[in-house]
Amino acid sequence: MAIKFFRLKRKVNINGVVVEKYMAQMQVETVIDFDKLAELIDQRSTMSRGDIRGVLSEVESICGDMLLLGHKLNFGDLGSFCPGMKAIACDTPEEVTSETITKFYTIFKPSKTLKKKFKEAVFHLGDNKVRGVKYKKKD
């Protein structure tokens, strides 16, 4: 299996000079949703698609709950999901409250096994066209 990429033309600022450069950009394929994931697992296992959908639904629900409680989730050879947050720096401990927390997010950390698989990635030029970046006009 190969990962498709295309050639992208973009403007890059080098020492204050804007020049056009070309780079490889990964072609992101379609999203694999719950139904497709259940179908793919169904093809490789003895479980039915309905059973798999039920399990995946519970995994989704429990993962959300556990992350909101501050738990790290380890998915073996896939990797782990860790909760994280950003907060405003304060001068005294008394100033630190829940209101100083500005963002809550999740970090995905691939396992060593998955990182090793990533090193085996093969890339294939999808089409021979050069695509450009569509820049937004400044007001």
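The values are calculated or read from the model by the stated rules, or taken from the named source; none is laboratory data. Computed from a predicted structure; not experimentally measured. Note that each Cβ is placed from the backbone with ideal geometry, even for glycine, and that neighbours are counted across all protein chains shown.
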Quiz item: Which condition breaks for GLY16 when tested against (1) at pLDDT 90 or above; (2) at negative phi?
Solution: (2)
Quiz item: Is there a residue in region 46-57 that is under 26 Å from the mean Cα position of the chain (by Cα) and not in a helix (DSSP H, G or I)?
Solution: no
Quiz prompt | Output for region 1-13, where each listed residue is modelled with pLDDT of 85 or more and either outside any strand (DSSP E or B) or more than 13 Å from ARG131 (Cβ to Cβ) (or both) | solution = LYS11, VAL12, ASN13
Quiz item: Are any residues in region 61-99 loosely packed, with under 12 Cβ neighbours inside 10 Å and among the polar types (S, T, N, Q), and if so, which ones?
Solution: SER61, THR92, THR97, SER98
Quiz item: What pairs can you find where one residue is in region 118-139 and touching a residue at least 60 places away in the same chain (Cβ under 8 Å) and surrounded by 10 or more Cβ atoms within 10 Å (Cβ to Cβ), the other is among the aromatic types (Phe, Trp, Tyr) and outside any loop (DSSP other than H, G, I, E, B), and their Cβ atoms are less than 7 Å apart, with a gap of 6+ or different chains?
Solution: PHE123/PHE5; LEU125/PHE5; GLY126/PHE5; GLY126/PHE6; ASP127/PHE6; VAL130/TYR22; ARG131/PHE6
